[in-house]
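Below is one structure; the comments refer to it alone.
The values are calculated or read from the model by the stated rules, or taken from the named source; none is laboratory data. Bear in mind the structure is a predicted one, so any value in this text is a computation, not a measurement. Neighbour counts run over all protein chains shown; Cβ positions are idealised from the backbone, glycine included.
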Amino acid sequence: MCVQYKSSETRLRSTKHRNRITEVTSNVLHLPNLKRLDLSNNELKYVDKDAFQYIKNLEYLNLANNWFTSFEMISFHHLGNLVEIVLDDNELGGSLEENNLFDRSGYGLTHKIKSLSISGINLKSVQENFFVDVYDLKKLDISNNHIAELFELPFTLEYLDLSGNPITEISGEDFADLVALKELKLNNLHIQEVPDYAFSSLHSLTSLELERNVNLTKFSITAFGQEVLEDADDFVLEKLSLKGSRLTTLNERLEVPFGQLVKLDLQGNFWNCDCNLVWVKKLQIAPRDYEHL
């Protein structure tokens, strides 16, 4: 099925998902005021290079869960106002490793992109300087791929999801430049420890997830730095989840920063239930979040 959608009406949103659409041809999307377009969950393999020429005001595009295998089958050069794109669950990993998604000379995305989701695209690595042409990326979801090593991340990020990748190590250097980061998800990785100063540079971080890391056995006392162990006035983290890992204990000196948390989830670990963990129950957190501790 090809999508053919012409209208003289002013429309701000169009949803054409779950319609078994296989391609989008040119001269069919005559919706100059369209802001959001959802073509997810179809059978798209190809989008004509001029398919988006009449929707230049588009700000959001969802192409998730289609049959794309190459970025050369999608051309974004008409979409100069696009700020959010979802490309999840397409077999685009190989193409992305060989091509620049932000190539200005052809099909590439605009440098105005603020939100990019490329979860589950079978991506194994990220090119050096991959994000060099992106000036204001706030949200990046690159979860559920096959990335084993962290890469250079845009310093503008406020949200980052690296979950579901075979990453074996993290360090403070990986996140050193992410001064604006507010939410970080590191679930279902292969890490064995959260090392010293891993998150010490993330002064804007309010939510951190480290869930279902089944090899994780050590959480360093200085994971958030040394200073917060004495004075947590500048510690802005509100939510921390460590559930579903293999931790057995946490140092009592973490009581100072952890005392600032609104939510701390410690369920599903292998805690040694001794006096070394009594301090946790003094924290102002819901009992359900540390049951079995």
Residue match in the range 176-193 (condition: part of a loop (DSSP other than H, G, I, E, B), small (Gly, Ala, Ser), buried (at least 17 other Cβ atoms within 10 Å of the Cβ) and outside the structural domain of SER119 (by the TED database)): no
Neighbours by Cβ (under 9 Å, 6+ apart or cross-chain): first from the range 65-83, at negative phi; second surrounded by fewer than 20 Cβ atoms within 10 Å (Cβ to Cβ) and of a type in the set (A, V, I, L, M, F, W, C): ASN66/ILE21
Subset of the range 46-71 that is farther than 27 Å from GLY164 by Cα and in contact with a helix residue (DSSP H, G or I) (Cβ under 9 Å, 6 or more places away or on another chain) - its residue that is surrounded by the most Cβ atoms within 10 Å (Cβ to Cβ): VAL47
Filter result (farther than 26 Å from GLN260 by Cα and within 12 Å of the chain's Cα centre (by Cα)) within the range 151-206: LEU153, GLY164, ASN165
Residues located in the range 127-145, provided they are surrounded by 17 or more Cβ atoms within 10 Å (Cβ to Cβ) and at pLDDT below 95: PHE130, PHE131, VAL134
Filtered residues of the range 215-242 (kept if out of contact with any strand residue (DSSP E or B) (no Cβ under 8 Å at 6 or more places or on another chain), surrounded by 14 or more Cβ atoms within 10 Å (Cβ to Cβ) and within 17 Å of ASN187 (Cα to Cα)): none
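Residue by residue, here is whether (1) more than 18 Å from GLU193 (Cα to Cα); (2) at pLDDT 95 or above holds:
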{"position": "ARG212", "(1), (2)": "no, yes"}
{"position": "ILE221", "(1), (2)": "no, yes"}
{"position": "VAL228", "(1), (2)": "yes, yes"}
{"position": "PHE235", "(1), (2)": "yes, yes"}
{"position": "GLU238", "(1), (2)": "yes, yes"}
{"position": "SER245", "(1), (2)": "no, yes"}
{"position": "VAL256", "(1), (2)": "yes, yes"}
{"position": "LEU266", "(1), (2)": "no, no"}
Which listed residue is over 24 Å from LYS138 (Cβ atoms), among the charged types (D, E, K, R), modelled with pLDDT of 95 or more and not assigned by the TED database to the domain that holds GLY164, from GLU9, GLU91: GLU91
